[in-house]
1. With each pseudo-label sitting 7 Å past Cα toward Cβ, what's the S131-A111 distance in nm, one decimal?
2. Strictly over 27 Å apart at the Cα level, which of K20/K61; K86/K121; K24/K48; K83/K107 would you flag in this model?
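Nothing in this text is a laboratory measurement; each read-out follows from the coordinates by a stated rule. Here the structure is a predicted model, which is why all the values come from computation and not from measurement. For neighbour counting, all protein chains shown are included, and Cβ atoms are generated from backbone atoms with ideal geometry for every residue, glycine included.
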Amino acid sequence: MSQEFNPENTAKITVKKSSKAYIKAIIDDTPLFAGLDDYILSQAKLKKAETAKAIEVKEKKKAVTRKTKQTAPSRTKLQRTVKLKKEQPIDPDAILLSVNEMCKLLKISRATLVRFDKSGKLPGRIKMGGSVRFHRKTVDNWLQSLINHDPLNPEQVKIE
């Protein structure tokens, strides 16, 4: 007849759980561990030594951080500096303007420029390959006409 593990037997033991007597009592009560007494005890000792080392290392780290906090002057967090690209001025002699140059000239965002272009409010659009350019003289004339807007002339383009 084989013995079965009975949790009630281990509950009756009133020895500290970390002591050798407690481990020995568990080993004696369970046939599964029969013959492994020395192995289990050595593993328990190793585990205890590892935890002691881990606690010692943590204490050393805490001591070092305490010292550095006391001796080191308080530092403010350094913020990353954003490198701004130097804006190239628009070439006044250029015949064609790129989309970026048009945005700079009109001082509007790229999305607004695209919206104006889709609605047909921007004159002088030229598509070359995959890129879009704007004819400089046509844009200048259009801007001048907006400045000299004549309310009696309905053919002039209005920006809303």
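1. About 2.5 nm, to one decimal.
2. From the list (K20/K61; K86/K121; K24/K48; K83/K107), the Cα-Cα distance tops 27 Å for K20/K61; K86/K121.
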